[in-house]
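The values are calculated or read from the model by the stated rules, or taken from the named source; none is laboratory data. Please read all numbers here as calculations on a predicted model, not as lab measurements. Here the Cβ positions follow ideal geometry from the backbone for every residue, glycine too, while neighbour counts run over all protein chains shown.
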Amino acid sequence: MKDNALVQLLKTFTKEEIKEFGEFISNSYFNKRKAVKELYEIIRKHYPEFSGKEVDKEFLFRKLFPGKAYNESSIAVMVHYLHELAKRFIVIKTFEEDNLEYDLKLESELLRRKQTSNPHKNLEKHLIELDPSEHLSEDYYNLKHRLEYETMFYHFELNTGVYEKFLNKLDFQGMYRNFHLHYLLRSMRMYINILHIEKIYNKQYTKEQFEKMMRSIDIKDYTDAPIVQIYYYLILMLGDKNNEKYYFKVKEILKRISDDLFYDDLIEIHINMQNFCKRRLAEGKLHFQREEFEILSRQLESKTYIVNGSMHSIFYRTAVTIALRLNEHKWVKDFIHDFKDDLQPEHRESTFLYCSAQYEFYMKNYDKASEMLSRLKLDELYLKYESKILQMMIYYETGSVESLLSSLEAYRHFLQNNKMLPDNKKKLYLNFHKYMNKLVNIQKKKDKSEIIKLRDDLALEITISSKDWLLKKADEILSSRDRKRLKTA
């Protein structure tokens, strides 16, 4: 039953939730089936893995119905009921933990039953306490609008015939403004997602309504809502050819308000800025390396790198690669060790070893780097390719030409035979193979113009792995030729 939907849901429960769910199904209001409660008591003993024969359906059936012939449908029904209860439990628990939604629903129901005299007081308290850093920006303005609207509604309901008592308190303009900001932010976030999908999957969508929305915005009208300005400039940054100025506008606003932003807004803004930096770097604008490093540093400070409780291995590797290119060697050494335990457990050791090998490579400790690569368990698709590239770079630096040529040939076959690799990634790695091959072979050439052409072609290539290192090696070959020419002159 390990792949059963019930088991998969129960695996997401905390230890406290496992206990609370037991109390939940013991309540006859929620569950009147004794067999369902007994089923749960058997299953919960095997938390958190829920594996082994003790959770197989036949074993569970014999425990619940001793002496009876196994009936697949009977146990399936019990599992179904328990699954439905588990889903109901998480909905009720989530609802009860959201104090604002709970109070909105409670006051509405009390008013319907004519059991409250001042529901607006509780909602006004929520309005005062509403904090933008605790809600996604669009949700913050939506909640603010709802609280103001519901408060107005209660005033009307409770003061029929004496409206003049509260009319001066009503802010219709404010209610409209908050609703408008909610709509605008949701639409902008949707538009950003569309623009990303178009870039990544080379697909075009009709965007007439979004473009009309953007044309209607006078950004000077939103000085009181800087988050709107940020999303507005992010859209222009993604779509306008002269878009670097919009990147720096986002950066400037973010400096002022980052502490007031909700976690998910910060994540989205950082990712968009980071992707923009990557595109500029691919165009050869190397000053964006420092920009990307600053974004990574802010992500570490704000902990917006955490996804499902851990740091993704790609974020860890990206941080190391960028910092090494900027010669931030001490930062890299500290980062590799300080954030190792934040990595996903299943990729922790391999990612740590690979990044440690990168660090040793940049420090010219090639034997140590190679030794670390040899200890790698290649359990992640892209890490297989990256580690092979790093090993070939080590061979190049140490003058191990035969090992390098052998690795290049094996790498070519490895790439061609892998059908799982997306085309854009395959091009990235194939281009590395292509230019590494050329670097090895061109050293035998006497004509300097061929080396210059290789260097120029490489500079123009956008989709290529380890481009900065390849360019550096091409420059070294050119410099070496120039020195030889001066000696013979």
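When Phe89 is tested against (1) over 30 Å from Leu147 (Cα atoms); (2) modelled with pLDDT of 95 or more; (3) not charged (D, E, K, R), only condition (1) is not met.
Among the residues examined, Ser108 qualifies as polar (S, T, N, Q), part of a helix (DSSP H, G or I) and either touching a Leu at 6+ places or on another chain (Cβ under 6 Å) or at pLDDT below 90 (or both).
Would you check if there is a residue in segment 154-167 being crowded, with 19+ Cβ neighbours inside 10 Å, in a helix (DSSP H, G or I) and not hydroxyl-bearing (Ser, Thr, Tyr)?
Restricting attention to segment 154-167, the residues satisfying the condition of being crowded, with 19+ Cβ neighbours inside 10 Å are 154.
Cutting the leftovers down to in a helix (DSSP H, G or I) gives us 154.
Pick out the ones that are also not hydroxyl-bearing (Ser, Thr, Tyr) and you get none.
No, because not a single residue in segment 154-167 is crowded, with 19+ Cβ neighbours inside 10 Å, in a helix (DSSP H, G or I) and not hydroxyl-bearing (Ser, Thr, Tyr).
The number of residues in segment 414-472 being surrounded by 15 or more Cβ atoms within 10 Å (Cβ to Cβ), in a helix (DSSP H, G or I) and among the acidic types (Asp, Glu) comes to 0. Screening segment 128-143 for residues that are part of a helix (DSSP H, G or I) and loosely packed, with under 14 Cβ neighbours inside 10 Å and picking the one that is nearest to the chain's Cα centre (by Cα) gives Glu134. Among the residues in segment 117-126, are any surrounded by fewer than 19 Cβ atoms within 10 Å (Cβ to Cβ), part of a helix (DSSP H, G or I) and among the aliphatic types (A, V, I, L, M)? For segment 117-126, residues surrounded by fewer than 19 Cβ atoms within 10 Å (Cβ to Cβ), part of a helix (DSSP H, G or I) and among the aliphatic types (A, V, I, L, M): absent.
Counting residues that are within 14 Å of the chain's Cα centre (by Cα), which helices (runs of 4 or more DSSP H) fully inside segment 202-317 reach at least 2? Working first, answer last.
Values: elements: 208-216, 226-239, 244-257, 263-282, 288-302.
Result: 263-282, 288-302.
Residue check: is Ile235 out of contact with any Cys (no Cβ under 8 Å at 6 or more places or on another chain), at pLDDT 95 or above and not polar (S, T, N, Q)? Criteria met by Ile235.
Any chance segment 178-185 includes a residue that's among the hydroxyl-bearing types (Ser, Thr, Tyr), in contact with a Phe, Trp or Tyr (Cβ under 7 Å, 6 or more places away or on another chain) and on the phi < 0 side of the Ramachandran plot?
For segment 178-185, residues among the hydroxyl-bearing types (Ser, Thr, Tyr), in contact with a Phe, Trp or Tyr (Cβ under 7 Å, 6 or more places away or on another chain) and on the phi < 0 side of the Ramachandran plot: absent.
In segment 451-463, the count of residues that are basic (Lys, Arg) and farther than 19 Å from Glu476 by Cβ is zero. Residues being over 30 Å from Gly309 (Cα atoms) and among the β-branched types (Val, Ile, Thr) are entirely absent from segment 45-58. Restricting attention to segment 213-248, the residues that are farther than 15 Å from Glu138 by Cβ and either surrounded by 12 or more Cβ atoms within 10 Å (Cβ to Cβ) or not small (Gly, Ala, Ser) (or both) total 23.
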